[in-house]
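Notes for the one structure printed next.
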Amino acid sequence: MTGQVDSEGNLQTTNPETSGRYHSAWLSMMYPRLFLARQLLTDDGIIFVSIDDREVYNLRLMLNEIFGEENCLQQVVWQRHGGGGNDSKYFATDHEYILSYAKNLHAIDRLRRPLTETEKTAFKQKDDYYETRGPYKTSVFEPMRPDNPAEGLRYEIECPDGTMVYKEWGQKETGFLKLKDEDRIVFRKKQNGEWQVEKKIYLNESKRVPRSLLTKVEKNPKGRRQLREIFDSDGIFSNPKPVGLIKHLLQFSTNSDSIVLDFFAGSCTAAQAVLELNQEDNGNRQYIMVQLPEPTPEKSAGRKAGFETIDEIGKERIRRVCQNFSESSGFRVFKLSPSNYETESNSETDEKPTLFSELEGTLDPLREGWLAEDVLYEIILKEGYPLDSAIQPVKELTTNTVFCITTPNGTQSLHICLDEQLTETDIESLDLSKDSVFICRDIALDDTLAANLALQCRLKTI
Ligand SMILES: C[S@@+](CC[C@H](N)C(=O)[O-])C[C@H]1O[C@@H](n2cnc3c(N)ncnc32)[C@H](O)[C@@H]1O
């Protein structure tokens, strides 16, 4: 679609390993995309790039260059297979990498994820704070590094029967007193009669640091099963990532309002992960999936199921997954296409404009066969409105069709009319103010109407 070809004119979507310039071609394809990705990230944004070991070293160098070595968070190892591969000649490769970079390391907080259901089962005890802190478990109040304890850990603690125990503890005395004050310390009598001091750890306050070695998150076969469940057919897309893997990454890298972009979206696992996570933690994350209309391999299960291109698989997956969620989880699909404006869409061709075509251009710049929906979205983009803006036709107009475009947060709006002629009565009933933006076609206005509108509101014409 974007016409990216190598020097021999081959499309760069497929990069045969037999090509002599395999690494070079791959790097040339990735560099502009990653460069742009960095620009699209928020200041506290994080990128994850999943990759196998053929390109991981080149990718790391390239990411170091684009994001800065200091912004590398981790080269995560994800175990994608739990066994099998006995037919491999040398090694069975069980893992892949996920390179993770911050746009700006100083702008991000500590990374923490909520506990998994299995981890939660360890919290079994209840006390008077159950309502707010949830159930708790205890851990022995002793130094984290017994061989090399920090300074100031040795002091005396008085136990319930008045016994004084003098040794090294888990925190300095001020820390201990604060914990005791908040009722977070438990004294337990051991079988040998000695006291054991323990600290309560509450479920509602517990988070986990993400680890660099992922052995327990979902693996490849799970991703395959998940896709099979959705499409009732196996192998629609080869090696889809498991939803749980993407969810795991999102849990510690996003907050409830984050926007998740996957510009190699494939079967759109990431969209499903966002939808599921929102459901689980009441979040409001949004997703943007980008996928080239790359043809599905001939005779593949995807092609046999009627999917000519990969983006069709992704779209259908989102459609099906959305059915399990509330109405607020809708989505819009856009195709990259030439401008609807004659001058811009022609700029790529060699055709010289004739005087007549130029005159015609000044009459109406819209390309022949334009569709209202396409033009509306082009204007929305050009005016800097997000693509998920609300588009509502203004009711109670007699002749004209006017659309009111409102940003998702409802703070800004504009009016667009694409009719060939405007009627004064309809314009008046729009109730435009000095700050209202009204966009219409130049040909729709006569001089008087244009002058009046320009006085009444911020008029823009196409
Ligand atoms: C490994 S898949 C993504 C899988 C996806 N995360 C999933 O689990 O469903 C990578 C995708 O990138 C797309 N792709 C390949 N080369 C590309 C290029 N040069 N530009 C943009 N996308 C490309 C392919 O069409 C493919 O669908």
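The values are calculated or read from the model by the stated rules, or taken from the named source; none is laboratory data. Since this is a predicted model, take the numbers as computed values, not measurements. A quick note on method: Cβ atoms are made from the backbone with ideal geometry, for glycine too, and the neighbour counts reach across all protein chains shown.
Observations on the structure shown:
- For the range 271-324, the tally of residues that are within 15 Å of the ligand (Cβ to nearest atom) and of a type outside the set (D, E, K, R) stands at 25.
- Qualifying residue in the range 247-256 (condition: charged (D, E, K, R) and under 26 Å from Arg110 (Cα atoms)): yes
- Residue in the range 446-458 that is surrounded by fewer than 16 Cβ atoms within 10 Å (Cβ to Cβ), modelled with pLDDT of 95 or more and under 21 Å from Lys335 (Cα atoms) present: no
- Out of Ile427, Ile380, one residue alone is surrounded by 12 or more Cβ atoms within 10 Å (Cβ to Cβ) and either at pLDDT below 95 or in a strand (DSSP E or B) (or both). It is Ile427.
- Some residue of the range 127-141 being surrounded by fewer than 11 Cβ atoms within 10 Å (Cβ to Cβ), in a helix (DSSP H, G or I) and touching a residue at least 40 places away in the same chain (Cβ under 8 Å): yes
- For the range 388-400, a residue qualifies if it is surrounded by 10 or more Cβ atoms within 10 Å (Cβ to Cβ) and touching a residue at least 24 places away in the same chain (Cβ under 8 Å), and the qualifying residues are Asp388, Val394, Leu397, Thr399, Asn400.
- Near pairs, Cβ below 8 angstrom, 6+ apart or cross-chain, from the range 309-329 (farther than 15 Å from Ala265 by Cα and not assigned by TED's automatic domain parsing to the domain that holds Gln272) to any residue that is away from the ligand (no atom under 15 Å from the Cβ) and of a type in the set (Ser, Thr, Tyr): Cys322/Ser329
- Scanning the range 389-423 for residues that are among the charged types (D, E, K, R) and modelled with pLDDT of 90 or more gives Lys395, Asp419, Glu420.
- Condition met for Arg154 (among the basic types (Lys, Arg) and free of Cβ contacts under 8 Å to residues at least 24 places away in the same chain): yes
- Residues located in the range 265-295, provided they are more than 22 Å from Ser328 (Cα to Cα) and either surrounded by fewer than 17 Cβ atoms within 10 Å (Cβ to Cβ) or free of Cβ contacts under 8 Å to residues at least 24 places away in the same chain (or both): Pro293, Glu294, Pro295
- Looking only at the range 29-58, residues that are within 16 Å of the ligand (Cβ to nearest atom) and either within 21 Å of the chain's Cα centre (by Cα) or closer than 21 Å to Asp109 by Cβ (or both) come to 14 in all.
- Test result for Gln279, at pLDDT below 95 and either of a type in the set (Phe, Trp, Tyr) or part of a helix (DSSP H, G or I) (or both): yes
- Residue within the range 232-245 that is over 20 Å from Ile47 (Cα atoms) and touching a Phe, Trp or Tyr at 6+ places or on another chain (Cβ under 8 Å) present: yes
- Some residue of the range 136-146 being over 22 Å from Tyr202 (Cβ atoms) and aliphatic (A, V, I, L, M): no
- On the stretch given as the range 63-115, residues that are touching a residue at least 24 places away in the same chain (Cβ under 8 Å) and among the hydroxyl-bearing types (Ser, Thr, Tyr) total 4.
- Taking the criterion of being modelled with pLDDT of 95 or more and of a type in the set (Gly, Ala, Ser), the only residue of the range 171-198 that qualifies is Gly175.
- Yes/no for His81 being away from the ligand (no atom under 16 Å from the Cβ) and either at pLDDT below 95 or surrounded by fewer than 18 Cβ atoms within 10 Å (Cβ to Cβ) (or both): no
- If you filter the range 59-78 down to residues that are within 16 Å of the ligand (Cβ to nearest atom) and either among the aromatic types (Phe, Trp, Tyr) or under 19 Å from the mean Cα position of the chain (by Cα) (or both), you find that the one that is surrounded by the fewest Cβ atoms within 10 Å (Cβ to Cβ) is Val76.
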